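Asks: The following block contains the structure, expressed as structure tokens.
The values are calculated or read from the model by the stated rules, or taken from the named source; none is laboratory data. These numbers come from a predicted model, not from an experiment. Reconstructed Cβ throughout: ideal geometry from the backbone, glycine too, with neighbour counts over all protein chains shown. Heads up: the accessible areas ignore ligands, DNA and RNA and are worked out on the full protein's heavy atoms, side chains in. Shrake-Rupley method; radii C 1.70, N 1.55, O 1.52, S 1.80 Å.
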Amino acid sequence: MKKYAKLLPFFVPGIALYLALFIYPTVTGFYYSLTDWDGLSPSYQFVGADNYANVAKDIIFRKSIVNNIKFMVAVVIVQTVVSLLLALQLSKQKKVNVALRSLFFVPTILSSVSVGFIWTFVYDPSLGLLNGLLEAVGLSSWTQNWLGDAGIAIFSIAAVQAWAHIGQMIILFVAGLQAIPEELLESAKLDGATRLQLFFRVIWPLLAPAAAIVVSYTTIQSFKAFDLVFTMTGGGPAYSTEILSTYIYNSAFMNYTFGKASTASVYFLLLISFITFLQFRALRTDRVSY
Amino acid sequence: MVLKWLGRLLLLLFAAAILVPLLIVLFTSLKTTPQFYASPLGLPESLSFHNFKSLFDGQPMWGYFRNSIVVTSATVGLELLLSGFIAYGILRSGKRVGAAVFGLFAIGLMVPSQVNMIPIYTFVHKLGWSNSLTGLIIVSVSVLLPLSVFMLSGFMKTLPKEILEAGEIDGAGEWTLLVRITFPLSAPYLAATAAFLFVIVWNDLLFPMLLLNGKDKLTLPLAMLQFRGEYITDYPVLLAGVVVTALPMVALFIFLQRYFISGALAGSLKG
């Protein structure tokens, strides 16, 4: 007991702040979700579970869940596959590889507002780089209104999200690859394994834990995306890029329905906890020993 | 052989996918507006710093820089101090208490900012801290505590226990063990955590947007969002803003790459 008393001063400031400005607000958020508060007026009614039924019926809320899933699946696939393929090229500790890993990391340190502006420009239908390039190589029929077309806008933003974070995933995969004992690879090569056999029989099973981390990090990171969507489309056109976090933001700070927005936050938290739980189980079963 | 060349081709393509947009942004920021409309994707004929000049003349850019620097350095500094204390406490208290404190913060890891943005916004307004950099700093420190406690206590677990035990036998108190042994030994870890947090706070949009509104209080990302309104599709000026905002981060990255990269590695492991 005496020992804990000595450690108390180290715990108190951080825990006090955390309880006051993290745990307490999160709990009051649950409380707001049961009210019809508009966020401005001093009084509000307690409406019980009404918001939960109303938000669940809201077409835009449902649409934003679907969009969130589309966005997440697209980002996870692109980000995982591309970063794995690049990491396989870059795992050797050569100078040029180290330089390329740094280059690929640069978008990670840019603000998402900057990245959003850069890509709004790249995607601009008449002045932008992407349509310009397509026209230059004779693929004019492929040009699109990348952010203005409700059918593809969410995927256009997903590509940017992947562009911005692949560098970080490469680092994770490279760390996983460098942890594989060199002798294992050498002996497989001596046994006459082809590059493909080497990958599927030796590298992939040992890389599975790193892959599990990449997939779970990417899943959660893309599920709670906000800045890029907010900067590039704000949820439009026609709610085609509205995701849960922009839905919460808009219903709280544009429409002043704090109660409803708090309810959407609770749903959001439940969904993300469910995803995290699934990831956690996957991570546990994916452990490989050698 | 084919695979090898395909791999190289992929590397080349992705390097272009990163470099070309960044270079086109730089080039565009150096064009005059008529030059830009005449040839939006061409190389600048002559270098013009006009866009940067009009940005700094038309906007209190130095003020935005100052706000971003104040908020980021104060947040990261306080964060390291508080979470360093907690991580040390977790390391030193037995299994049960350590696990309980760690668990308390692990709950916070699960809660994304978007979930508590409404109650935090409301609470900060009640406290009378809205439109204050101090309020933003305190909120940012508290929101990032779970992440940095997670990172630092993960790092500190790898420190050799014998050194602390030896210090204890020599009669050193907890405070001495922390300041003279644990923090110095953790210096590279503290630097990696700082770099990771620095990127998050410098680039944060959500909490500055919720808590700040006066033009004299804006941080850089928030100010940039407002440029868009003022320079609607005036891409050269807008992208000059991107260049100005990104340059300090890129410069810092070039010098401290090692810490940025190991911080990002440890930060992603939270899954």
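Asks: Using a basic spin-label model with each label point 7 Å from the Cα along Cα→Cβ, how many nm lie between residue A:133 and residue A:24?
Replies: Here the answer is 5.1 nm between the modelled labels.
Asks: Take every Cα pair under 8 Å in chain B that's 6+ residues apart, average their separations, divide by the length, and report that relative contact order as a whole percent.
Replies: Taking the mean separation of contacting Cα pairs over the length of chain B, I get 30 percent.
Asks: State in Å² the accessible area per residue of segment A:38-173; use a 1.4 Å probe, count heavy atoms of protein chains only, and round to the nearest integer.
Replies: Per-residue accessible area for segment A:38-173 comes out at 43 Å².
Asks: Here's a follow-up. Where a Cα-Cα gap under 27 Å defines reach, which lysines qualify for residue B:157, not counting those fewer than 8 residues away within the same chain?
Replies: A:2, A:3, A:6, B:95, B:270
Asks: Right, here's the next one. 222 nm [θ] for the protein assembly as shown, helices only, -39500 (n - 2.57) per DSSP H run of 4+, per residue, to 500?
Replies: The helix-only estimate for the protein assembly as shown comes to -24000 deg cm²/dmol at 222 nm.
Asks: Moving to a separate point now. Going by average Cβ density within 10 Å per residue, which order do the peptides B:157-165, B:177-185 take, highest to lowest?
Replies: B:177-185, B:157-165
Asks: Ok, one more. Give, ordered by residue number, each residue of segment B:113-152 whose 1.4 Å probe accessible area is reduced by a minimum of 50 Å² on adding the remaining protein chains to the chain alone.
Replies: B:114, B:115, B:117, B:118, B:119, B:122, B:123, B:142
Asks: Something else: If Rh is defined by the Kirkwood formula over all Cα pairs and Rg also comes from Cα, what ratio Rg/Rh do you get for segment B:66-126?
Replies: Over the Cα atoms of segment B:66-126, Rg/Rh equals 1.08.
Asks: Continuing with the same structure: What residues have an amide H closer than 5 Å to that of residue A:35, excluding those fewer than 5 places away on the same chain, when H is modeled at 1.01 Å from N in the peptide plane?
Replies: Here the answer is A:47, since their amide H atoms fall under 5 Å of that of residue A:35.
Asks: Given a 1.4 Å probe and heavy atoms of the protein chains only, how would you sort A:119, A:204, B:5, largest accessible area at the top?
Replies: B:5, A:204, A:119
Asks: Name the shape class, rounded, prolate or oblate, that the alpha-carbon gyration tensor gives for segment A:54-194, where a ≥ b ≥ c are the square roots of its eigenvalues, rounded holds for a/c under 1.5, and otherwise prolate holds if a/b is larger than b/c and oblate otherwise.
Replies: Note, shape of segment A:54-194 comes out prolate.
Asks: Need one value for A:97-106: mean number of C-beta atoms belonging to other chains within 10 Å of its residues' C-beta atoms.
Replies: 4
Asks: Another question, then. Can you pull a Stokes-Einstein diffusion coefficient for segment A:1-103 at 10 °C (1.306 mPa s), Rh from Kirkwood over Cα pairs, as a whole number of µm²/s?
Replies: Translational diffusion coefficient: 80 µm²/s.
Asks: Next up: From other protein chains only, count the Cβ atoms within 10 Å of every residue's Cβ in A:4-12, then give the mean.
Replies: Counting Cβ atoms of other protein chains within 10 Å of each residue's Cβ and averaging gives 6.
Asks: In Å and whole numbers, how far do the C-alpha atoms of segment A:205-278 stretch along each principal axis, longest first?
Replies: Extents along the principal axes: 50, 25, 16 Å.
Asks: Right, something else. Can you compute the radius of gyration and Dmax for chain A, using only the Cα atoms, both in Å?
Replies: 23.5, 77
Asks: Label points 7 Å out from Cα along the Cβ direction at residue B:1 and residue B:176: separation in nm?
Replies: So the label points at residue B:1 and residue B:176 sit 7.0 nm apart.
Asks: Using only the Cα atoms of segment B:5-89, build the gyration tensor, take square roots of its eigenvalues as a ≥ b ≥ c, and label the shape rounded, prolate or oblate: rounded if a/c is under 1.5, else prolate if a/b is larger than b/c, else oblate.
Replies: oblate
Asks: What's the Kirkwood radius of segment A:152-251 in Å, using all Cα pairs?
Replies: One decimal place: 16.1 Å for the Kirkwood radius.
Asks: Could you work out how far the C-alpha centroid of segment B:182-249 sits from that of segment A:15-76, in angstrom?
Replies: Spelled out, the Cα-based centre of one part sits 27 Å from the other.
Asks: To the nearest 10 square angstrom, how much accessible area does residue A:96 have with a 1.4 angstrom probe?
Replies: 90
Asks: Once A and B are treated as a pair rather than alone, how much accessible area drops out, both sides summed, in Å² to 100, probe 1.4 Å?
Replies: Answer for the A-B pair: about 7900 Å² buried.
Asks: Explain nothing, just the number: relative contact order of segment A:137-290, from Cα pairs under 8 Å at least 6 residues apart, as a whole percent.
Replies: 26
Asks: Based on Cβ point charges of +1 for Lys and Arg and -1 for Asp and Glu, what charge dipole magnitude is obtained for segment A:20-87 about its Cα centre, in debye rounded to the nearest 20?
Replies: Taking the Cα centre of segment A:20-87 as origin, the dipole is about 340 debye.
Asks: Note down the magnitude of the dipole of segment B:117-271 about its Cα centre, charges +1 on Lys and Arg C-beta and -1 on Asp and Glu C-beta and zero elsewhere, to the nearest 20 debye.
Replies: I would put it at about 300 debye.
Asks: On the protein heavy atoms, probe 1.4 angstrom, tell me the percent of accessible surface of segment A:196-273 carried by carbon and sulfur.
Replies: Exposed carbon and sulfur together represent 67 percent of the surface.
Asks: Hey, another quick one. Suppose accessible area is computed on protein heavy atoms with a 1.4 Å probe; arrange A:76, A:27, A:55 from highest to lowest.
Replies: Descending accessible area places them as A:27, A:76, A:55.
Asks: Could you sort the peptides A:31-43, B:85-97 by per-residue average Cβ neighbour count (10 Å cutoff), highest mean leading?
Replies: Most protected by this proxy first, the peptides run B:85-97, A:31-43.
Asks: At q = 0.07 Å⁻¹, what base-10 log of I(q)/I(0) does the Debye formula yield for the protein assembly as shown when every alpha carbon is treated as an equal point scatterer in vacuo?
Replies: With no solvent term, the Cα-only Debye profile gives -0.44.
Asks: Quick one: angle between helix A:153-178 and the longest Cα principal axis of chain A, in degrees between 0 and 90, rounded to 10, please.
Replies: Tilt relative to chain A: about 50 degrees.
Asks: Of the heavy-atom accessible surface of segment A:28-96 (probe 1.4 angstrom), what whole percent is carbon and sulfur?
Replies: 67
Asks: How large is the accessible surface of residue A:121 in square angstrom, using a 1.4 angstrom probe and rounding to the nearest 10?
Replies: Accessible area, nearest 10 Å²: 0 Å².
Asks: If I fit a long axis through the Cα atoms of helix B:95-110 and take the longest principal axis of the Cα atoms of chain B, what angle between them do I get, 0 to 90°, rounded to 10?
Replies: Taking Cα atoms only, the helix is inclined about 20 degrees.
Asks: Okay, next question. So what does residue A:143 come to for accessible area, using a 1.4 Å probe and Å² rounded to 10?
Replies: Solvent-accessible area, nearest 10 Å²: 40 Å².
Asks: How big is the charge dipole of the protein assembly as shown about its Cα centre, in debye rounded to the nearest 20, if each Lys and Arg gets +1 on its Cβ and each Asp and Glu gets -1 on its Cβ?
Replies: Value, rounded to 20: 1180 debye.
Asks: Right, something else. Which FRET efficiency, nearest 0.05, do residue A:69 and residue A:184 yield, Cβ-Cβ r, R0 35 Å?
Replies: Step by step, r from the Cβ atoms, then E = 0.35.
Asks: Need the list of lysines near residue B:4 for cross-linking: C-alpha distance under 29 angstrom, and skip anything on the same chain fewer than eight residues off.
Replies: Of all the lysines, those that pass the test against residue B:4 - Cα under 29 Å, at least 8 places apart if same chain - are A:92, A:94, A:95, A:189.
Asks: In sequence order, what are the phi-derived ³J(HN,Hα) couplings for segment A:25-35 according to the Karplus relation 6.51 cos²θ - 1.76 cosθ + 1.60 with θ = phi - 60°, rounded to whole Hz, with x for glycine and proline?
Replies: x, 4, 5, 5, x, 4, 5, 4, 5, 9, 10
Asks: From the residues B:173, B:6, A:60, which one has its Cα farthest along the dipole of the protein assembly as shown in the positive direction, the dipole being from +1 and -1 charges on Cβ of Lys/Arg and Asp/Glu about the Cα centre?
Replies: Of the listed residues, the answer is B:173.
Asks: How far is helix B:2-29 tilted, in degrees, relative to the longest principal axis of the Cα atoms in chain B, given as a value from 0 to 90 rounded to the nearest 10?
Replies: It is inclined by approximately 70 degrees.
Asks: Moving to a separate point now. Just to be sure I understand the model, the point goes 7 Å from the Cα along the line to the Cβ. What's the resulting residue B:73 to residue A:56 distance in nm?
Replies: In this crude label model, residue B:73 to residue A:56 measures out at 5.2 nm.
Asks: Work out the charge dipole of the protein assembly as shown with +1 on the Cβ of Lys and Arg and -1 on the Cβ of Asp and Glu about the Cα centre, then indicate which of A:163, B:222, A:184 is farthest towards its positive end.
Replies: Highest projection toward the positive end goes to A:184.
Asks: Say the dipole of the protein assembly as shown comes from +1 at the beta carbon of Lys and Arg and -1 at that of Asp and Glu; which of B:159, A:216, A:233 then lies farthest toward its positive end?
Replies: Of the options given, the answer is B:159.
Asks: Leaving ligands, DNA and RNA out of it, rank A:276, B:176 by accessible area with a 1.4 Å probe, largest first.
Replies: Sorted by accessible area, descending: B:176, A:276.
Asks: State, as an integer percentage, the relative contact order of chain A based on alpha-carbon contacts under 8 Å between residues 6 or more apart.
Replies: 29
Asks: To the nearest whole number, what is the average tally of beta carbon atoms from other chains within 10 Å of the beta carbons of peptide B:84-96?
Replies: Across the residues of B:84-96, the mean count of other-chain Cβ atoms within 10 Å is 4.
Asks: Cross-link partners among aspartates and glutamates for residue A:57, C-alpha distance below 17 Å, same-chain residues fewer than 8 apart left out?
Replies: Those aspartates and glutamates meeting the cut-off are A:36, A:242.
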